[in-house]
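Visitor: The structure is given below, and queries will be raised subsequently.
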Amino acid sequence: MSHELTLSEIPAIHGAMGEFETPEALRAACQRAYAEGYRRMDAYAPMPVAGLAEAIGFRKNKVALAVLIGGICGASGGYGLLCWITIIAYPHNVGGRPLHSWPAYIPITFECMILLAALTALVSMLAMNGLPKPYHPVFNVPAFDRASIDKFFLCIESTDPKFETEDTLAFLRDLGATEVSVVPA
């Protein structure tokens, strides 16, 4: 009696992963995968590889914009707080000077700008990278231990519209991957 797998019994997969020997081979594989229409993929290397981010389609992040907005909010918030304190809450005329003495506000305004920009950089970087993430499905591939030592990996995710398990595995082999495996979820 044969037992066919039901939809709930089919093991979920995260994607397909190929292992490469050199950074040049990984970059070339990423460029070709992107040219073939794959968009949901990630590359892993033990060192920075020039041009790798662009090869997988990564163009620009929004951390710089968030830091700019955080800095502007910090500066305007610091300046506004000082105006409120010296003009509205605790007006105190010292030596006949005006209540709104903007040159005295510059150091605090600058410090508030730097503080909020730095905090925004930290929080936005963590949020946009999806961190903290103590577990990722690629850790299920035994050979992935070498990603921090001397091997280079390309993982095409199963959420990619072009992803078909057998076709993607064959495509990774055609790219020159020394080892190809399915990444369980």
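The values are calculated or read from the model by the stated rules, or taken from the named source; none is laboratory data. Note that the coordinates shown come from a computational prediction; the quantities given were computed from them, not determined experimentally. With ideal geometry, Cβ positions are generated from the backbone for all residues, glycine too; neighbour counts draw on all protein chains shown.
Condition check ((1) in the same structural domain as GLU21 (by TED's automatic domain parsing); (2) at pLDDT below 95) across all residues:
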{"position": "ILE69", "(1), (2)": "no, no"}
{"position": "ALA75", "(1), (2)": "no, no"}
{"position": "GLY96", "(1), (2)": "no, yes"}
{"position": "THR120", "(1), (2)": "no, no"}
{"position": "VAL141", "(1), (2)": "yes, yes"}
{"position": "SER148", "(1), (2)": "yes, yes"}
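Visitor: I'd like the residue in the range 99-117 that is free of Cβ contacts under 8 Å to residues at least 24 places away in the same chain and in a helix (DSSP H, G or I) and, out of all such residues, is surrounded by the fewest Cβ atoms within 10 Å (Cβ to Cβ).
Guide: This residue is PRO103.
Visitor: A further question on this structure: Before we move on, is ALA53 assigned to a helix (DSSP H, G or I) and over 21 Å from VAL138 (Cβ atoms)?
Guide: no
Visitor: How many residues are touching a residue at least 12 places away in the same chain (Cβ under 8 Å) and either assigned to a loop (DSSP other than H, G, I, E, B) or under 18 Å from HIS14 (Cα atoms) (or both) if we restrict to the range 118-142?
Guide: 4
Visitor: While we're here: Taking ASP145, is it of a type in the set (Asp, Glu), part of a helix (DSSP H, G or I) and surrounded by fewer than 16 Cβ atoms within 10 Å (Cβ to Cβ)?
Guide: yes
Visitor: Moving on. Do we have THR165 as β-branched (Val, Ile, Thr), over 17 Å from LEU26 (Cβ atoms), surrounded by 12 or more Cβ atoms within 10 Å (Cβ to Cβ) and modelled with pLDDT under 95 here?
Guide: Considered against the rule, which asks whether it is β-branched (Val, Ile, Thr), over 17 Å from LEU26 (Cβ atoms), surrounded by 12 or more Cβ atoms within 10 Å (Cβ to Cβ) and modelled with pLDDT under 95, THR165 comes out as yes.
Visitor: Ok, one more. Looking at (1) under 20 Å from PHE20 (Cα atoms); (2) at pLDDT 95 or above; (3) under 18 Å from the mean Cα position of the chain (by Cα), which one does PRO137 not meet, given that it meets all the others?
Guide: Exception for PRO137: condition (2).
Visitor: On to the next question. Within the range 61-76, identify whether any single residue is touching a residue at least 24 places away in the same chain (Cβ under 8 Å), assigned to a loop (DSSP other than H, G, I, E, B) and among the aliphatic types (A, V, I, L, M), and answer yes or no.
Guide: no
Visitor: To continue, here is another question. Pick from ARG39, ARG32: which is assigned to a helix (DSSP H, G or I), touching a residue at least 60 places away in the same chain (Cβ under 8 Å) and surrounded by fewer than 17 Cβ atoms within 10 Å (Cβ to Cβ)?
Guide: ARG32
Visitor: Consider ILE87 against the criteria (1) under 24 Å from ALA16 (Cα atoms); (2) among the hydrophobic types (A, V, I, L, M, F, W, C); (3) in contact (Cβ under 8 Å) with a residue 12 or more places away in the chain; (4) in a helix (DSSP H, G or I): it satisfies all of them except one. Which criterion is unmet?
Guide: Looking at each condition in turn, ILE87 falls short on (1).
Visitor: Of the residues GLY78, GLY57, only one is on the phi > 0 side of the Ramachandran plot and among the small types (Gly, Ala, Ser); which?
Guide: GLY57
Visitor: When you scan the range 77-98, do you find a residue that is touching a Gly at 6+ places or on another chain (Cβ under 8 Å) and surrounded by 13 or more Cβ atoms within 10 Å (Cβ to Cβ), even just one?
Guide: Taking every residue of the range 77-98 in turn, none turns out to be touching a Gly at 6+ places or on another chain (Cβ under 8 Å) and surrounded by 13 or more Cβ atoms within 10 Å (Cβ to Cβ).
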